[in-house]
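See below for the structure under consideration.
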Amino acid sequence: MINSKLENILLSFLPTESVESISPLGEGFINDTYIVKCACSRYILQKKNTYIFRDVPHMMDNILKVTSFIKKNAKEAGLDPSRSTLTVILAADGKPYVFLDGEYWVLTLFIEKSVVYQKADSDKLAYMGGCGVGDFLRSMADFHEELHETIPGFHNMRFRYEQFLTSIDKNLSGRLDLVRSQVDAILSLKDEAMMLWEKFEQGIIPHRVSHNDTKLSNILFDADNRVLCMIDLDTVMSSMALNDFGDSIRSYANLSAEDEPDVKNVKFSLSRFEAFTKGYLSCAKDVLNDSEKQNLAFSAIYITLEQALRFLMDYIDGDLYYKTAYAEHNLVRTNAQLALLNDMKRNYSLMLDIVEKYV
């Protein structure tokens, strides 16, 4: 039986289509996602997390601007626009969402005959992911519209450390005494991380359209493993292109799970780093300036530090942001990220050599 609330929401998007089934999809940290099957098409329905995305209308405005730009360029290049990026379905009132009972719902067309990989568990997949992320940067190189900052301070290390210090001061969960060593480790790396952010503030590293959530499962491939498009565009904003490179490395070159409980099992893969870097720069090196190229390797450390900070901050706050499976989940994530960061540091000179090889 189809949930009546979901059926009513879909009626606002698809008044003439008969819905055959609605099924939960994936295990995302943030949004609730469903796949919707109709007689002629399939769709992705999402309830947006308004604790994280405080301004869904602005978020959807960003997505419409970016997808319209990509569709226009795809059409001019003789490509299928519906397979080159997401297709947002407008509701009956013309808005790209339905707002009901304090909740925002969004519908997009499911891209058929596409392939998703959950994890870059080989050098080949890491290379393919690099091509996907680099291609997104290249595809947005001539985009000049203004985008909203839908998550204030996202990847802004100055802002993140201010948040972190506030969380420490408030200690909402009463857990602070349990994590003193982790707090000290994150605070000790502040000056090093701020050096990169200050280059962005000074304009040495430019503003670009960044995806900000570049895990491999957010890239669609065709049956021949060619890049189709990036999906899950909720976090698309104007920021550093280095965010996407760094976050990809944090994900792709980690040989363990993000929540690996035994830090001895957390290993950084230099071969995955090289494979991703090769794929990324094959598409993006002509877009990046010299400062961006020089800081590619460090961006992996920067983003891994930020993620450790955010997991630990959420643990101290009482698990308000990320979905958790058990009480210590965010602390386990924190420890795993710090272990990954330390292994990156041990390999840093080799990472620099690899970047130099492909730029």
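Quick notes
- The three principal axes of the Cα atoms in segment 57-127 give end-to-end lengths of 45, 32, 22 Å, sorted in falling order.
- Sparse-neighbourhood loop sites, chymotrypsin sites (Phe, Trp or Tyr not before Pro) in segment 2-92 - DSSP loop, at most 15 other Cβ within 10 angstrom: PHE29, TYR51
- Estimated FRET transfer efficiency (ASP286, LYS37; beta-carbon r; R0 41 Å; 0.05): 0.45
- Within the chain, the selection of entire DSSP H helices by a Cα span of 27 Å or greater along the long axis and an average Kyte-Doolittle value of at least 1.0 returns an empty list.
- The residue list ILE89, SER41, LEU350 was ranked by how far each Cα lies along the charge dipole of the chain toward its positive end, using unit charges on Cβ atoms, and LEU350 comes out on top.
- Projecting the Cα atoms of ALA327, PHE298, ALA284 onto the dipole axis of segment 266-328, where Lys and Arg carry +1 and Asp and Glu carry -1 at the beta carbon, places ALA284 farthest toward the positive end.
- Given charges at beta-carbon only (K, R positive; D, E negative), |dipole| of segment 36-159 in Debye: 320 debye
- Rolling a 1.4 Å probe over the protein heavy atoms of segment 224-342, with every protein chain left in place, gives an accessible area that is 47 percent carbon and sulfur.
- A Cβ-based charge dipole, computed about the Cα centre of segment 131-202 with Lys and Arg at +1 and Asp and Glu at -1, lands at about 380 debye.
- Surface accessible to a 1.4 Å probe, SER4 within the full protein complex, Å²: 80 Å²
- Heavy-atom accessible area, probed at 1.4 angstrom with all protein chains present, ranks GLU20, GLU146 as GLU146, GLU20, highest first.
- Carbon-plus-sulfur accessible fraction, segment 79-145 (probe radius 1.4 Å, protein heavy atoms only): 55%.
- Residues in segment 1-136 average 52 Å² of solvent-accessible surface per residue, probe 1.4 Å, ligands and nucleic acids excluded.
- Unsatisfied cross-links (Cα-Cα over 26 Å) in the set LYS72/LYS278; LYS215/LYS357; LYS124/LYS357; LYS170/LYS190: LYS72/LYS278
- Within segment 1-84, trypsin sites (Lys or Arg not before Pro) in DSSP loop having at most 16 other beta-carbon neighbours inside 10 Å: ARG54
- Available extension along the chain between HIS58 and ALA257 is 68.4 nm, counting 0.36 nm per residue and deducting the alpha carbon span.
- Spatially, segment 293-359 and segment 115-137 are offset by 19 Å when compared through their Cα centroids.
- Theoretical FRET efficiency, 1/(1+(r/R0)^6), r = Cβ-Cβ of LEU176 and TYR348, R0 25 Å, to 0.05: 0.25
- In terms of its C-alpha gyration tensor, segment 161-221 has an oblate overall shape, because the principal axis ratio a/c (a ≥ b ≥ c, square roots of the eigenvalues) is not below 1.5 and a/b does not outweigh b/c.
- The chain, dipole about Cα centre (Lys/Arg Cβ +1, Asp/Glu Cβ -1), debye to the nearest 20: 480 debye
- In this structure ILE35 has an accessible area near 30 Å², from a 1.4 Å probe over the protein heavy atoms.
- Rg of the Cα atoms in segment 66-199, relative to 2.2 N^0.38 Å, amounts to 1.49.
- Reciprocal mean inverse distance between Cα atoms of the chain - Kirkwood radius, Å: 21.3 Å
The values are calculated or read from the model by the stated rules, or taken from the named source; none is laboratory data. Since this is a predicted model, take the numbers as computed values, not measurements. Counting neighbours? That spans all protein chains shown, and the Cβs are built from the backbone with ideal geometry, glycine included. Side chains are part of the model used for accessible areas, which takes the heavy atoms of the whole protein and leaves out ligands, DNA and RNA. Shrake-Rupley method; radii C 1.70, N 1.55, O 1.52, S 1.80 Å.
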